[in-house]
């Protein structure tokens, strides 16, 4: 039986807003949701402008040990309950994604009418690759640092000149691009359609392996990731390196939205956010203003 899945137009001018639905208490932003709260949040996000909902039951909060998270069976139960409930409540037209790195969870979810697999850790087993190809779902691969990347991640000497530090950051970006290009090539070789593959540079510290300055450099130089030749998904919402730009050091809504706008202007096609309405409204304003620049009115 063929499973009907939804589609994205990743060639359009305006980026998609992906609303984040956390099912785990370890999330750095909001606590776990009961199923009624999940449905309420999902409906609110769609009404506010989210065209994609990303469901996750494993947190990658830099302050926690990812080896001590909930077991795959518990993760699968939470995710399947959410998928079933959201489909029943909002219908089959809403584009659903799951955020996971557990092989068993991904393989089971692929048996449902999920539309995207958002793989947190860039390594993909042959079993998953084959099933992703057969299922013909959208697949987002996130850069996840290997030991070599982490070992080479010493911060540049601030006493050095700007050119020296820039060369260091550029080497780091080049390494991320190389990793994403390699994983993409393997998936394409396995039979995945190029238009179903999305990349995520993996913004953040801790498990993500980037310093604050590296993250900022990546954001400013995001167009370089277009060299991988796949649409870019960006997750900047409420990231610590952004809040540390402010003297208060809080998880500012304003700076999350501002960074999303910069990412959109630099080529991001999907913005993964907690604050859907505020981000969607800001994107609409920028998109409307851009019509004057390009004479599209």
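Residues of region 265-283 that are under 15 Å from residue 50 (Cβ atoms) and either free of Cβ contacts under 8 Å to residues at least 24 places away in the same chain or touching a helix residue (DSSP H, G or I) at 6+ places or on another chain (Cβ under 7 Å) (or both): 271, 273, 275, 276, 277, 278, 279, 280, 282, 283. Residue by residue through region 80-105, note down the ones that are surrounded by 19 or more Cβ atoms within 10 Å (Cβ to Cβ), modelled with pLDDT under 95 and in a helix (DSSP H, G or I). Within region 80-105, 105 is the sole residue that qualifies.
For residue 225, state whether it is part of a helix (DSSP H, G or I), closer than 22 Å to residue 101 by Cβ and within 18 Å of the chain's Cα centre (by Cα). For residue 225, the condition - part of a helix (DSSP H, G or I), closer than 22 Å to residue 101 by Cβ and within 18 Å of the chain's Cα centre (by Cα) - is met. Summed over region 52-70, the residues that are at pLDDT 85 or above and either more than 23 Å from residue 272 (Cα to Cα) or in contact with a helix residue (DSSP H, G or I) (Cβ under 7 Å, 6 or more places away or on another chain) (or both) give a count of 3. For residue 210, the conditions (1) farther than 14 Å from residue 279 by Cβ; (2) more than 18 Å from the chain's Cα centre (by Cα) are fulfilled apart from (2). When the helices (runs of 4 or more DSSP H) confined to region 117-195 are screened for residues that are closer than 30 Å to residue 96 by Cα, at pLDDT below 90 and within 19 Å of the chain's Cα centre (by Cα), none reaches at least 3 such residues.
Residue-level check: of (1) at pLDDT below 95; (2) surrounded by fewer than 19 Cβ atoms within 10 Å (Cβ to Cβ); (3) touching a helix residue (DSSP H, G or I) at 6+ places or on another chain (Cβ under 6 Å), residue 25 misses just (3).
When region 196-217 is filtered for residues that are buried (at least 20 other Cβ atoms within 10 Å of the Cβ), part of a loop (DSSP other than H, G, I, E, B) and modelled with pLDDT under 95, the ones remaining, listed by number, are 202, 203, 204, 209, 210. In this structure, is residue 42 surrounded by 13 or more Cβ atoms within 10 Å (Cβ to Cβ) and either modelled with pLDDT of 90 or more or farther than 16 Å from residue 117 by Cα (or both)? Spelling it out, residue 42 is indeed surrounded by 13 or more Cβ atoms within 10 Å (Cβ to Cβ) and either modelled with pLDDT of 90 or more or farther than 16 Å from residue 117 by Cα (or both).
The values are calculated or read from the model by the stated rules, or taken from the named source; none is laboratory data. Since the structure is predicted, the reported quantities are computational estimates derived from the model, not experimental observations. Note that each Cβ is placed from the backbone with ideal geometry, even for glycine, and that neighbours are counted across all protein chains shown.
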